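The values are calculated or read from the model by the stated rules, or taken from the named source; none is laboratory data. Please read these numbers as outputs of a predicted model, since none were measured by experiment. Positions of Cβ are backbone-derived with ideal geometry, glycine not excepted, and every protein chain shown enters the neighbour counts.
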Protein chains: 2
Amino acid sequence: MRHLFNPLQCFLLLFPIAAFSAQADLIVSGRWVVTMDGSRRVLENASVAVNGDHIVAVGPTAEIVKNWTAKQRIDVSDGIVAPGLINTHTHAPMSLLRGIADDLKLQDWLEKYIFPIEAKFVNPDFIRWGTRLACLEMMLGGTTTYTDMYYFEEVIAETTKEAGMRAVLGQTVIGFPVADAKTPADALQRTENFFRKYKKDPLITPAVAPHAAYTNSDQTLKSCRALANRYDRPLIIHLSETKRENDEMMVKRGMSPTKLLESLGVLEGRTIAAHGIWLDDADLDILKRRGTGLAHCPSSNMKLASGIAPVTKILDMGIAMGLGPDGPAGSNNDFNMFEEMDLAAKLAKISTMNPQALPAMQALEMATITGARALGMEKEIGSLEVGKKADMMIVHTRRAHAQPLFNPVSQLVYALKASDVSDVIINGKIVVRNRRSLTLDYNAILNQASVYGARIAAK
Amino acid sequence: MRHLFNPLQCFLLLFPIAAFSAQADLIVSGRWVVTMDGSRRVLENASVAVNGDHIVAVGPTAEIVKNWTAKQRIDVSDGIVAPGLINTHTHAPMSLLRGIADDLKLQDWLEKYIFPIEAKFVNPDFIRWGTRLACLEMMLGGTTTYTDMYYFEEVIAETTKEAGMRAVLGQTVIGFPVADAKTPADALQRTENFFRKYKKDPLITPAVAPHAAYTNSDQTLKSCRALANRYDRPLIIHLSETKRENDEMMVKRGMSPTKLLESLGVLEGRTIAAHGIWLDDADLDILKRRGTGLAHCPSSNMKLASGIAPVTKILDMGIAMGLGPDGPAGSNNDFNMFEEMDLAAKLAKISTMNPQALPAMQALEMATITGARALGMEKEIGSLEVGKKADMMIVHTRRAHAQPLFNPVSQLVYALKASDVSDVIINGKIVVRNRRSLTLDYNAILNQASVYGARIAAK
């Protein structure tokens with residue numbers, strides 16, 4: 001019988017296994033995998049294999065489990081596995097001001113509520129707890145990447161890393177004294193320190209965020225661009241959110257905000273502009289030429305009655321426009337990307353009086369691959385493809401509000417909710433499992449949020 | 001020692017207890033009670049006491065528990081106790097066609113999908129399972145009363161009673177052969193049988209539902225009204241949902257649909273008209289004079305690009321306009337009254353370019369007391385007041401998306417979700433406890449929904 005142990009035979013016996021069954025860290029399986037790849041494939045009974053921080057295989061579960069052995073498996077039999085959602089515009093720490101001032105005119109809201117409260121309360125502790133609360137809500141709802149613009153952005157970065165979330169974090173630069181900077185020069189210095197600290201981080205992309213054209217001097221805007229380009233970092237800005245902003249710019253400078261930014265060279269480099277409501281054709285031509293990414297904020301734009309961005313025209317031109325819930329202190333009240341998808345589709349239809357405008361797939365694109373493109377990160381995130389970062393969510397479909405299911409993409413956009421997300425993986429790491437955060441302390445955060453709430457309400 | 005048992009002393013000893021501690025079947029306590037009473041009181045640390053089918057006390061918990069002993073208590077320490085939500089327009093059994101055809105023009109949607117599928121599949125079994133699925137979703141999401149228009153409405157009634165839900169159920173009358181009636185005369189006969197069967201039901205209000213002015217003859221419309229009035233029952237109708245409907249009526253009859261109905265006497269009696277988008281001032285004057293209730297369907301109106309109802313004007317005139325999710329087969333995809341509240345507020349703001357339009361309280365009114373008024377049921381339901389039917393929901397607020405909480409009404413409309421509803425009471429009976437239906441078999445319904453889904457998809 002000894003010849004059975006012949007080394008060559010052993011090699012031949014083992015070879016098929018060695019050749020066809022590679023090692024993965026994690027296999028994620030569901031009833032469907034919505035890939036959002038180039039051909040927008042939706043696979044049934046499919047899986048995604050992950051090694052380290054990236055995806056190593058996507059395909060039918062039978063094939064994946066034959067070819068890969070995994071240290072860990074997540075298998076949600078009624079689940080849709082989809083790319084993690086990408087929030088392209090928000091102000092995370094404002095979670096602590098959730099709903100503090102609704103149904104107001106923008107100026108009253110800002111001047112009577114937000115600015116005085118921020119002046120009193122915004123400090124690193126507020127920022128830390130606000131970011132924790134925001135990350136907790138976002139991750140539980142399937143968001144894996146977010147884009148921020150606020151103060152003490154280095155604290156937001158630290159906290160976001162703790163949470164295990166991916167983010168593009170824009171340090172605010174604005175032409176009046178704010179909580180973390182007395183002058184734009186201070187803010188620029190703070191931004192540069194921030195850039196130096198987060199040079200090659202797997203999760204954090206630091207950015208400079210001049211608040212808007214109308215709240216900064218030309219010189220500050222130019223300095224922001226120069227700093228961003230020197231460190232090869234993105235610039236985040238509010239752009240044409242209100243008609244008043246546009247009208248006043250026309251009166252003062254004789255041109256639109258977009259044209260002003262273009263004339264100053266501010267758009268020459270990676271840029272993410274939020275809202276983009278009052279953009280005319282000439283503005284859009286500039287943004288297209290410059291490759292500027294845009295963030296559509298339907299909830300905020302509706303709630304503040306700011307206007308309706310020409311989304312379908314923008315997307316048809318090939319400009320990347322993602323979705324953002326904006327801040328939750330009155331312009332919206334949560335960070336719910338499912339609601340932004342649903343609303344983007346419905347708002348586009350009613351505003352163009354065309355029920356075929358912005359169909360479900362296009363809404364999901366905005367929340368995933370197009371959002372990634374708006375951030376200049378489409379090579380890393382936004383779809384489930386081999387080589388991309390392993391950022392994904394699994395969404396339960398066996399729900400009274402989501403059965404029967406004729407089309408997983410329609411269901412994701414029009415029927416499923418953030419609360420149906422069961423599991424979330426970011427950069428290959430499981431951060432939410434069975435609707436529970438593995439990285440953040442739910443009870444501590446909720447307690448602290450309510451302490452802050454009481455303190456703010458007492459003022 | 002015998003004198004201690006003197007009957008008079010016993011009476012005196014017991015009297016204070018008897019006088020101040022009455023017996024209730026149920027006490028429901030929460031962190032807040034949003035009453036929606038005449039002065040819209042929001043009570044903190046408050047309770048509602050229930051006896052049989054109605055409310056016997058509303059007040060601070062300390063006071064209620066002193067004055068009432070209860071067989072059963074529900075105490076949700078982070079909860080908002082609010083009136084159950086009132087859906088004023090839907091097509092419940094279409095739950096089985098959820099999302100079968102999205103992003104289409106109304107005519108294609110109806111003619112290529114809905115009508116052929118209904119012709120093939122609608123029968124009492126379909127109706128029964130579709131209604132179960134719809135009631136399950138609605139009740140889990142805090143809806144306690146709904147308003148329906150579909151076929152085999154007596155099966156819907158039976159099933160709704162099983163579920164323990166309150167409903168106004170309109171048997172469809174339409175000018176072409178449908179699943180349950182070959183002719184309008186058949187449908188009218190079916191409606192009369194339905195009226196006779198549900199004469200004094202605690203939960204079911206039968207109604208006649210001529211589909212619309214443009215799909216019925218004048219004679220049928222008049223017969224519907226006559227039948228409704230003979231039995232003192234409401235009439236439900238679609239009204240001015242599309243511009244085309246209005247334009248064609250102007251061409252054919254030289255008047256608006258509302259004016260046609262008025263000229264035929266169809267509005268003389270309790271009426272609930274759905275959509276009401278293309279109503280002019282003269283139409284609104286008629287509807288106001290006739291006391292017609294309206295149902296606003298923001299999701300459906302946006303998704304089908306039907307138009308935007310002049311809601312703030314309608315409410316300012318004192319016309320009762322409630323909210324409805326419409327059917328889930330493409331005009332919407334679920335029965336989510338939380339989303340309709342949020343959307344009604346946002347749509348009113350953007351369409352009037354006024355962020356103060358339709359504030360949170362008014363959206364909640366539409367979903368509760370104003371909805372009740374639209375149905376002619378404001379004396380029974382729509383608010384938490386002594387003597388009213390015990391229809392209520394409890395909504396958890398200790399959620400990452402709902403903390404901190406500055407205002408419970410704002411939170412209900414803009415931040416909380418259907419999935420935050422923990423408990424639902426209808427007509428004094430607990431039908432949902434800790435997010436589980438006590439009256440419907442969740443698994444059996446979900447299984448059957450997916451069987452129907454597969455069968456329909458295969459065609």
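Among the residues here, residue A:196 qualifies as modelled with pLDDT of 95 or more, out of contact with any His (no Cβ under 7 Å at 6 or more places or on another chain) and over 25 Å from residue A:275 (Cβ atoms). The set of residues from the range B:241-265 being more than 28 Å from the chain's Cα centre (by Cα) and polar (S, T, N, Q) comprises just one member, B:263.
For the range A:163-192, taking the residues that are under 25 Å from the mean Cα position of the chain (by Cα) and of a type in the set (Lys, Arg), the one that is surrounded by the fewest Cβ atoms within 10 Å (Cβ to Cβ) is identified as A:190.
Taken together, the criteria place residue A:205 among residues that are out of contact with any helix residue (DSSP H, G or I) (no Cβ under 9 Å at 6 or more places or on another chain), buried (at least 20 other Cβ atoms within 10 Å of the Cβ) and touching a residue at least 40 places away in the same chain (Cβ under 8 Å). Residues A:153, A:111, A:137, A:118: which one is under 23 Å from residue A:330 (Cβ atoms), modelled with pLDDT under 95 and touching a strand residue (DSSP E or B) at 6+ places or on another chain (Cβ under 9 Å)? That would be A:118, the only listed residue that is under 23 Å from residue A:330 (Cβ atoms), modelled with pLDDT under 95 and touching a strand residue (DSSP E or B) at 6+ places or on another chain (Cβ under 9 Å).
Among residues of the range B:59-93 being buried (at least 24 other Cβ atoms within 10 Å of the Cβ) and among the aliphatic types (A, V, I, L, M), the one that is nearest to residue B:136 (Cα to Cα) is B:92. Within the range A:75-92, the residues that satisfy the criterion of being aliphatic (A, V, I, L, M) and either more than 16 Å from residue A:147 (Cα to Cα) or in contact with a His (Cβ under 8 Å, 6 or more places away or on another chain) (or both) are A:76, A:80, A:81, A:82.
Among the residues of the range A:92-147, the ones that are within 9 Å of chain B (Cβ to nearest Cβ) and among the β-branched types (Val, Ile, Thr) come to 1 in all. In the set B:329, B:282, B:309, which member is within 13 Å of another protein chain (Cβ to nearest Cβ) and either out of contact with any Gly (no Cβ under 7 Å at 6 or more places or on another chain) or of a type in the set (Val, Ile, Thr) (or both)? It is B:329. Taking the criterion of being surrounded by fewer than 22 Cβ atoms within 10 Å (Cβ to Cβ) and closer than 25 Å to residue A:232 by Cβ, the residues of the range A:257-298 that qualify are A:260, A:262, A:263, A:264, A:265, A:268, A:269, A:286, A:288, A:289, A:290, A:291. The set of residues in the range A:38-66 that are more than 22 Å from residue A:430 (Cα to Cα) and of a type outside the set (A, V, I, L, M, F, W, C) comprises A:38, A:39, A:40, A:41, A:44, A:63, A:66. If you go through the range A:285-306 and pick out every residue that is more than 14 Å from every other protein chain (Cβ to nearest Cβ), at negative phi and among the small types (Gly, Ala, Ser), you end up with 2.
Scanning the range A:299-342 for residues that are among the acidic types (Asp, Glu) and buried (at least 24 other Cβ atoms within 10 Å of the Cβ) yields A:326, A:334, A:340, A:342. Residue count for the range A:343-364, restricted to those that are more than 7 Å from chain B (Cβ to nearest Cβ), over 11 Å from residue A:310 (Cα atoms) and surrounded by fewer than 24 Cβ atoms within 10 Å (Cβ to Cβ): 3.
Looking at the range B:365-378, which of its residues are outside any helix (DSSP H, G or I) and either surrounded by 20 or more Cβ atoms within 10 Å (Cβ to Cβ) or touching a residue at least 60 places away in the same chain (Cβ under 8 Å) (or both)? Result: B:368, B:375, B:376, B:377.
State all residues of the range B:380-398 that are buried (at least 23 other Cβ atoms within 10 Å of the Cβ), touching a helix residue (DSSP H, G or I) at 6+ places or on another chain (Cβ under 7 Å) and under 22 Å from residue A:435 (Cα atoms); if no residue qualifies, say none. Residues satisfying the conditions are B:395, B:397. Looking only at residues in the range A:58-91 that are among the β-branched types (Val, Ile, Thr) and within 14 Å of another protein chain (Cβ to nearest Cβ), the one that is nearest to residue A:366 (Cα to Cα) is A:90. Do we have any residue at all in the range B:67-86 that's acidic (Asp, Glu) and out of contact with any strand residue (DSSP E or B) (no Cβ under 7 Å at 6 or more places or on another chain)? No, the range B:67-86 contains no residue that is acidic (Asp, Glu) and out of contact with any strand residue (DSSP E or B) (no Cβ under 7 Å at 6 or more places or on another chain).
Matching residues to (1) closer than 30 Å to residue B:366 by Cα; (2) touching a helix residue (DSSP H, G or I) at 6+ places or on another chain (Cβ under 8 Å); (3) without any contact (Cβ under 8 Å) to a residue 24 or more places away in the chain:
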{"residue": "B:94", "(1), (2), (3)": "yes, yes, no"}
{"residue": "B:97", "(1), (2), (3)": "yes, yes, no"}
{"residue": "B:100", "(1), (2), (3)": "yes, yes, no"}
{"residue": "B:110", "(1), (2), (3)": "yes, no, yes"}
{"residue": "B:122", "(1), (2), (3)": "no, yes, no"}
{"residue": "B:125", "(1), (2), (3)": "no, no, yes"}
{"residue": "B:128", "(1), (2), (3)": "yes, yes, no"}
{"residue": "B:137", "(1), (2), (3)": "yes, yes, no"}
{"residue": "B:140", "(1), (2), (3)": "yes, yes, no"}
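From the list A:147, A:172, A:159, A:183, exactly one residue is out of contact with any Leu (no Cβ under 8 Å at 6 or more places or on another chain) and under 21 Å from residue A:432 (Cβ atoms). Which is it? Answer to the selection: A:159.
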